[in-house]
Amino acid sequence: MKKYLYVILGTTAVLATAIAVAACATKKNTAKAAAQPQFRETIAKETIAPDDGQNPVMNFIGNYYGGRACVSVEAKGSDEAEITVVWGDSYNTKAVWTMSGTFNEATTSVFYDNAIKKMITLNEKGEVIFEEYLYTSGRGEFVFSYDGVTWNDLEEHMADTMVFRFGDSVEDVCTTIFPGDVVETIPSEPTATPTPKPTNKPTATPTPKPTEKPSETEAKPTETAAAPTEPAATQPSVEVTEPAPKTAADINGEYKSGRVTVEVDSEDPENVQIWVIWTASHNSKAVWSMCGKYDPATETISYENGTKKVFTYTEEGEPETETVEYTNDKGVFVFSYNGVTWEEYNENIAEGMVFIKEV
């Protein structure tokens with residue numbers, strides 16, 4: 001009888017211990033889950049379960065970075081998002097978009113049709129001294145995912161192929177611009193007039209100078225680039241990746257991303273001419289020019305002779321000013337079968353961007 005009593009008492013003690021351990025583990029797991037940030041292990045709708053009345057945008061508020069641009073997301077009301085995009089064009093100019101829209105929980109996206117774009121000019125102290133409105137009622141969509149957010153800009157396609165990642169940036173381009181600091185404002189919406197491309201090829205020290213009046217289609221450089229030789233067509237699949245070009249003729253042509261164009265003239269593989277035309281507004285643009293030798297083994301062009309100039313134009317599209325910002329810039333272009341990336345060492349202006357070849 002005593003033997004059975006010991007067995008019953010021993011079994012009861014084991015069960016009590018197991019229950020206590022399970023309760024402790026459950027308490028720890030609950031505390032650990034509570035300590036985790038609400039944001040974004042996944043964005044599946046069923047996993048986003050805000051409290052009743054909480055704006056679902058609260059799962060995605062914060063700053064997202066890509067290259068020289070920042071997307072700042074804030075919640076508004078019960079289901080709206082207020083979004084600001086700040087794009088650093090140079091050390092003293094920024095493009096700023098502001099927009100808002102209703103958050104779609106099914107697609108985790110925000111569509112808008114009220115974007116306002118303006119260009120901001122700063123002085124040496126970082127204070128706003130000039131503000132110019134470029135357009136209103138811009139349309140587009142932001143789509144949130146585990147990787148970050150993408151921006152489908154239907155007006156200018158500024159961020160095609162870009163993904164903005166959540167987190168901190170070395171240079172916080174999301175710094176708030178205070179309207180009260182503005183000294184001069186131009187509220188009228190200008191007529192969009194494309195600006196011309198430079199007419200002269202760079203030499204040993206490239207110095208392009210646009211002289212032609214802008215038109216609806218940007219003028220080409222006066223010297224005709226060698227006709228590109230298209231690489232042999234290959235059908236890519238999941239298992240097979242189309243090979244990168246191996247000859248200088250393969251990389252010849254134009255590459256685009258948003259309002260940026262990279263022109264490559266590879267007629268002479270020992271001295272490939274490259275221009276980067278970055279349109280900042282209807283009457284200003286930055287132009288980098290450089291040249292270097294194409295390395296078919298790595299599909300790259302390194303350079304140490306880059307020159308950056310900033311051009312401004314009158315409302316009639318005539319050249320107004322030309323400013324050399326720096327020379328002897330260094331960097332490298334890396335080509336793939338359908339695009340090119342640009343590592344520019346002075347400003348890192350194109351970080352995170354992929355320029356797609358025009359066909």
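Checking each residue in region 290-300 for being open to solvent by less than 20 Å² (accessible area, probe 1.4 Å), more than 22 Å from Asp89 (Cα to Cα) and of a type in the set (A, V, I, L, M) picks out no residue at all.
Restricting region 266-288 to residues that are buried (at least 21 other Cβ atoms within 10 Å of the Cβ) and farther than 21 Å from Tyr313 by Cα, the residue that is modelled with the lowest pLDDT is Ser266. Does region 317-331 contain at least one residue that is within 22 Å of Thr247 (Cβ to Cβ) and among the charged types (D, E, K, R)? Among the residues of region 317-331, not one is within 22 Å of Thr247 (Cβ to Cβ) and among the charged types (D, E, K, R), which makes the answer no. Among residues that are closer than 30 Å to Lys308 by Cα and modelled with pLDDT under 80, Ser90 is included.
Among the residues of region 60-95, just one is free of Cβ contacts under 8 Å to residues at least 60 places away in the same chain and buried (at least 21 other Cβ atoms within 10 Å of the Cβ), namely Ile83. Look at region 312-336: where a residue is closer than 17 Å to Val264 by Cβ and among the small types (Gly, Ala, Ser) and a partner is modelled with pLDDT of 90 or more and open to solvent by less than 40 Å² (accessible area, probe 1.4 Å), sitting 6+ places away or on another chain with Cβ atoms under 7 Å, you get Gly331/Tyr303; Gly331/Gly306; Gly331/Trp342; Gly331/Glu344. Among the residues of region 301-320, just one is touching a Phe, Trp or Tyr at 6+ places or on another chain (Cβ under 7 Å) and surrounded by fewer than 17 Cβ atoms within 10 Å (Cβ to Cβ), namely Glu320.
The values are calculated or read from the model by the stated rules, or taken from the named source; none is laboratory data. Remember, predicted model here, so these are calculated numbers, not experimental data. Methodologically, a virtual Cβ is constructed for each residue, glycine included, from the backbone with ideal geometry; neighbour enumeration extends over all protein chains shown. Each accessible area value is taken on the protein alone, full model and side chains, heavy atoms only, with ligands, DNA and RNA left out. Shrake-Rupley method; radii C 1.70, N 1.55, O 1.52, S 1.80 Å.
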